[in-house]
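Coordinate-derived values only; no laboratory data. Values in this document were obtained by computation on a predicted structure and should not be read as measured data. Here Cβ is always computed from backbone atoms with ideal geometry, including for glycine, and neighbour counts include all displayed protein chains.
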Amino acid sequence: MQTTNTSVIARRVKISDAHATLPYEAGWATEAVIFVQAEGDHPDLAIAVEVSPDGITWVRRAGATLAASQQLVDVPVAQFGNWLRVVITGATSEQPARVLVHLNLKG
Amino acid sequence: MTKEREISMQKFLSYDRGLERFNPLARVICYDDFDTGFNGWLDLTPNYVEENYESFDSVVDLSSWAPNQLSSASMRFASSHGSMEGTYSLKITTAPTGGPHTEPPRNGSMGHAIKRLSRFGNPKLIQIEAWYSYTPVQDREGKGEEDIRAIGFFFDVQDSEYRYMPGVRYVNSLGGKLVKKWQYYQVSEGVTPEDWNFGVKDGWCVPGVDNQWYGRRFEDGSGDGYQWLPGGEQELVYNESPDKINWMYFRLTVDIEKREYVEMQSGDQVFDMRGIKPTLTEGYASIDNLINPIFFIETDSERSVNLYLDSVVYSVE
């Protein structure tokens, strides 16, 4: 039987600038789905999933947009190595957002 | 008249060889090797039971703690460390948000792993053991030992009368200066609920509950919720670089019949804690018989720090 786990990597965080989640080690899993939700009003948010050799330096792997009219978007990734993080841009002090990010892993 | 047969199962237990590096009490309730998954150890979060799923008012943001991970202890320049035996350990981490040690913990500046259990087997003693290591993220030059403020462990216990939290904290560094002394959970005389909750009146937590966040902290590292353990100076192994970790042994035994500490063991050093009592508080609603073990780590600077648990044993007697 496979193992699965869901971590909440941004727990209702209020953002008004670019926001990166903490480096996350996911090397035990072979697939990941990142779910980004916004609570309440928010601007269009650009979602970038990044990978890393060491949890310190990062390169973009996948992306999506959470439009102002949407509440939830998902981004699947595979062959990501060990490290994952999510960078969310688009929030400003005039148009902030409150985000909830789940990382589901399976492998 | 036939003799009534006594019905009892004869048990023959074969323990996992991995238990050889532990000294469990008579009955092992959990042996958690993180090569097999999270084993029920999860992030510590508050109760989202208010309007709009909000939590209660608190000076410390209890939603902000960093997510636990199954780690291969992958480093920047070294190869992956793996774990003490196997590949994965449970990594408890922090955000790079350490503030002054005299202030309440900042958002994300701690990480915790909790397992939610309950009393079983009518035990007199409960005990936690772990093999662990710690190091900061190697995101800057230098040795980095001074960036780890503290690591700790406590039980959250409630019986039919009291809730209490016996625990210990290794104060590694304060304001960038190494300290390396153990404390234990016990509230100082005269601490009021308002002191405990950093000025919030009618705070959810009473003195003696959640010492890891609440209670004032002072310049010398003492605090409302922590007392220095007599003879508690100890040099733990911090290797010469952030990308080198060594596995160390930890054990805490508590007498839940007498509601007092028994012993803490760190490496081969045993600290006799008999006679020392954690602070008893009135029981909270609907959690009688709760026993939650919790590990945590705190950063002392604007740098993430990691606590790795290779494996954990919870046993009772």
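Details
- Distant-in-sequence amide H partners of B:Ser74 (H built 1.01 Å from N, under 5 Å): B:His81
- Neighbour-count order for B:Leu236, A:Leu45, fewest beta carbons within 10 angstrom listed first: B:Leu236, A:Leu45
- With θ taken as phi - 60° and the Karplus curve 6.51 cos²θ - 1.76 cosθ + 1.60 applied, the whole-hertz 3J(HN,Hα) list for the stretch B:246-256 is 10, 7, 10, 9, 9, 8, 10, 10, 10, 8, 8 Hz, x standing for glycine and proline.
- Shape of the stretch B:7-121, Cα gyration tensor, a/c cut at 1.5: oblate
- Sequence-ordered 3J(HN,Hα) estimates for the stretch B:106-119 from the Karplus curve with 6.51, -1.76 and 1.60 and θ = phi - 60° stand at 6, 3, x, 7, 10, x, 9, 10, 10, 10, 9, 10, 9, 4 Hz, glycine and proline given as x.
- Prolate/oblate/rounded label for chain B (Cα gyration tensor, a/c 1.5): oblate
- Cα centroid separation - the stretch B:161-218 against the stretch B:242-303, whole Å: 13 Å
- Calculated FRET efficiency for the pair B:Asp139/B:Glu54, C-beta based, R₀ 45 Å, to 0.05: 0.85
- Stretch gain in nm, segment B:Glu240-B:Leu19, where the contour uses 0.36 nm per residue and the Cα spacing is subtracted: 76.6 nm
- Remark: the stretch B:141-146, residue by residue, has Karplus-estimated 3J(HN,Hα) of 6, x, 7, x, 4, 6 Hz, where x stands for each Gly or Pro and the curve is 6.51 cos²θ - 1.76 cosθ + 1.60 at θ = phi - 60°.
- Rounded to the nearest 0.05, the FRET efficiency derived from the C-beta distance between B:Asn107 and A:Ala68 at R0 = 22 Å is 0.25.
- For A:Arg61, the residues whose amide H sits under 5 Å from its own are A:Val49, A:Glu50, A:Val51, ignoring neighbours fewer than 5 places away on the same chain, with H placed 1.01 Å from N.
- Scanning residues 5 or more positions from A:Trp83 or on other chains, those with amide H under 5 Å from its amide H are A:Ala26, A:Ser52, with H placed 1.01 Å from N in the peptide plane.
- Calculated P(r) tail over 26 Å for the protein assembly as shown, as whole % of Cα pairs: 57 percent
- For chain B: relative contact order, % (alpha-carbon pairs under 8 angstrom, 6 or more apart): 30 percent
- The ellipsoid equivalent to the alpha-carbon distribution of the stretch B:189-284 has semi-axes of 29, 20, 12 angstrom, derived from the gyration tensor eigenvalues as √(5λ) and listed largest first.
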